[in-house]
Amino acid sequence: MSPSPTLIFKVTFFLESLVAMLQNGFILPMMSGEWACSRTLPSSDMIAACLAASQFCLHGMALLNNLMASSGFCSKIYYFSIPWDFITSLSFWLTAWLAVFYCTKISLFSHLVFFWIKWRISRLVLQLLLGSLILSGLTVISSAAGNTILAQMMAAKSSHGNALAGSIHAVYLHCFLPHVILMRLVPFLLFLVSTFSLMVSLRRHLGQIQDHRLSPRDPSTWAHTMALKSLAFFLIFYTLHFLSLVIIVYIPAFQKHWHWACEVVT
């Protein structure tokens, strides 16, 4: 990539990282103040606060890693890989649980299982957050093993040539990497199912409104619409983030020549 686009992507990356840190850093004191006043937080706010904290750390690590790599203090190769993978997976799960919470609380399905989940979801938030930490930790184990293999691959490439390095890289791509991607694909699919269910519920509700000639501005329609607007933005950025991670891993040349563009999208 020529110097001018590289500079543009660099500036864009640092600006968006700083804005994201300021935004999420603003959310955390607001939530903390609410908790200090009432000694409790609504379940949705609890998930949102954890998500804001994870995003703050994620952007902070991305900013610090690229600053250190650009300054020559450390190698670009997975310096913050373990905390990065942990917080990335945690963010995926927290976003999925937020979508599930919106879906169960707002949707108007009449199945008994759905009613049971709607009744229990608020009480299960702490367990869901703990489960997210555990599942993210499992992802980190695979990531750490894979990064160890990559380090061996780099050492083998310098001492034994490209043949052994290629074999090690093939083992990484076929054994460790699919597990890491699967651990992020599961919450992504959960998020998609919850968002789609909320859309189906809104469509049914609008049909009932037309049949009974009710006002389209009732509280249920407003709740559906606001939740779907939030989840629509999540879906756009969530999809871009997931696809960029897959492309970077499976197409190393793309990351090499378009590193800063990849950083902006991720």
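The table below gives the values:
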| read-out | value |
| --- | --- |
| Å² per residue, accessible surface of region 1-50 at 1.4 Å | 64 Å² |
| In Hz, Karplus ³J(HN,Hα) per residue of region 44-53 (6.51, -1.76, 1.60; θ = phi - 60°; x = Gly, Pro) | 5, 5, 5, 5, 5, 5, 5, 5, 5, 5 |
| Length released on extending from Leu41 to Lys105, taking residue separation times 0.36 nm less the Cα-Cα span | 21.4 nm |
| Shape of region 17-68, Cα gyration tensor, a/c cut at 1.5 | prolate |
| Protection proxy ranking, peptides 86-96, 108-118, average beta carbon neighbours within 10 Å, highest first | 86-96, 108-118 |
| Accessible area in square angstrom per residue, region 76-133, 1.4 angstrom probe | 53 Å² |
| Amide H contacts of Thr266 (H built 1.01 Å from N, under 5 Å, at least 5 apart or other chain) | none |
| Region 8-25 - phi-based ³J(HN,Hα) in whole Hz, Karplus 6.51/-1.76/1.60, Gly and Pro as x | 4, 5, 4, 4, 4, 4, 5, 5, 5, 5, 5, 4, 5, 5, 5, 5, 5, x |
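The values are calculated or read from the model by the stated rules, or taken from the named source; none is laboratory data. Since we're looking at a predicted model, the values are computed, not measured. When we count neighbours, we look across all protein chains shown, and the Cβ atoms used for this are built from the backbone with ideal geometry, even at glycine. Just so you know, the surface numbers come from the protein's heavy atoms only, side chains and all, with ligands and any DNA or RNA stripped out. Shrake-Rupley method; radii C 1.70, N 1.55, O 1.52, S 1.80 Å.
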